[in-house]
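Colleague: Here it is, the structure, as structure tokens.
The values are calculated or read from the model by the stated rules, or taken from the named source; none is laboratory data. No experiment lies behind these values; they were computed from the predicted model shown. Ideal geometry is used to build each Cβ from the backbone, glycine not excepted, and the neighbour counts take in all protein chains shown. Calculation scope for accessible area: heavy atoms of the full protein, side chains included, ligands and nucleic acids excluded. Shrake-Rupley method; radii C 1.70, N 1.55, O 1.52, S 1.80 Å.
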Amino acid sequence: MKTIGITGGVGAGKSTVLSYLEEKYHAFVLQADLVGHKVMEPGERCYEPVVALFGKNVLKEDKTIDRRKVSDVVFSHEELLQELEHIIHPAVKEYILEQLSEKEKKGQSLCVVEAALLLEENYQAFCDQVWYIHTDKEIRMERLAMSRGYTREKAQSIIDSQASEEYFRSHADYIIENNGDLKRTYKQIIEGIERL
């Protein structure tokens, strides 16, 4: 089984690459963000610790964690954000490793792990290759305005808070330019798979 780690800044179009790998190569895709939501569900490994950290006032009526309330709190409390990350990040990694192990036993040939903090969390340790999805900053800003309704200022501040272009490039085994020409993007994905 081969595992590709996919990373890149916000608005780079990583989901376009994931969809193509899923459709054309029947890849099993794990997205760290979605796993992060899953591990906070009632009965899952992070539910009790997160409720213990923030109190019951972050629960909705159905007893699920209101992620918006949590993000509102951590936005202005750096130390709470760090505590939350200490709960969530190891659990996400553990869940992903369990899933990869399951898939390998079942004979899955290609798995893809997408995470914004792929490099920072050292996911490359269990990936055969790291692919960096690059998109010019201006295009990313436009995409974020269209898809998420972000102002230029908000898009800029999120982009600035993420790892630099140089950091991503220096840690990637393969780089895909994803500036909007889908044919070109798909061609690069196919080349990347052939190299794998």
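Colleague: I'd like the trypsin sites (Lys or Arg not before Pro) in the range 78-112 restricted to DSSP loop residues with at most 13 other Cβ atoms within 10 Å, sorted by number.
Modeller: Qualifying residues, ordered by number: 106.
Colleague: Additional query: What are the residues whose amide H is under 5 Å from the amide H of residue 31, where those residues sit 5 or more places off or on another chain and H is modelled from the backbone?
Modeller: 114
Colleague: Something else about it: Is the shape of the chain best called rounded, prolate or oblate, per the rule: a/c under 1.5 gives rounded, else a/b larger than b/c gives prolate, else oblate, with a ≥ b ≥ c the square roots of the Cα gyration tensor eigenvalues? All intermediate terms of the calculation are to be shown ahead of the outcome.
Modeller: Working: a/c = 2.03, a/b = 1.30, b/c = 1.57.
Judged from the Cα gyration tensor, the chain comes out oblate (a/c at least 1.5, b/c at or above a/b).
Colleague: Over the chain, calculate the relative contact order: mean separation of alpha carbon pairs under 8 Å at least 6 apart, over the residue count, as a percent. Can you show the working numbers first?
Modeller: Working: 241 pairs, mean separation 72.6, N = 196.
That works out to 37 percent.
Colleague: Another question, then. What percentage of the solvent-accessible surface of the chain, computed with a 1.4 Å probe over protein heavy atoms, is contributed by carbon and sulfur atoms?
Modeller: Numbers: 5370 of 11040 Å².
Carbon plus sulfur share of accessible area: 49 percent.
Colleague: Per residue of the chain, what 222 nm ellipticity follows from adding -39500 (n - 2.57) for every DSSP H run with n ≥ 4, rounded to the nearest 500?
Modeller: -17000 deg cm²/dmol
Colleague: Which semi-axes, in whole Å and largest first, does the equivalent ellipsoid of the range 11-90 have when worked out from the alpha carbon gyration tensor as the square roots of 5 times its eigenvalues?
Modeller: With the √(5λ) rule applied to the range 11-90, the semi-axes are 29, 15, 11 Å.
Colleague: Could you work out how far apart the two model spin labels at residue 75 and residue 177 are, taking each label as a point 7 Å from the Cα in the direction of the beta carbon, and quote it in nm?
Modeller: According to this spin-label approximation, the distance is 3.7 nm.
Colleague: Summing +1 for each Lys or Arg and -1 for each Asp or Glu, what net charge is found among the other residues whose Cβ lies under 12 Å from the Cβ of residue 53?
Modeller: Details: positive: 56; negative: 48, 79, 83, 85.
Charge balance near residue 53 sits at -3.
Colleague: In Å², what does the accessible area per residue of the chain work out to with a 1.4 Å probe?
Modeller: With the other protein chains kept in place, the chain gives 56 Å² per residue.
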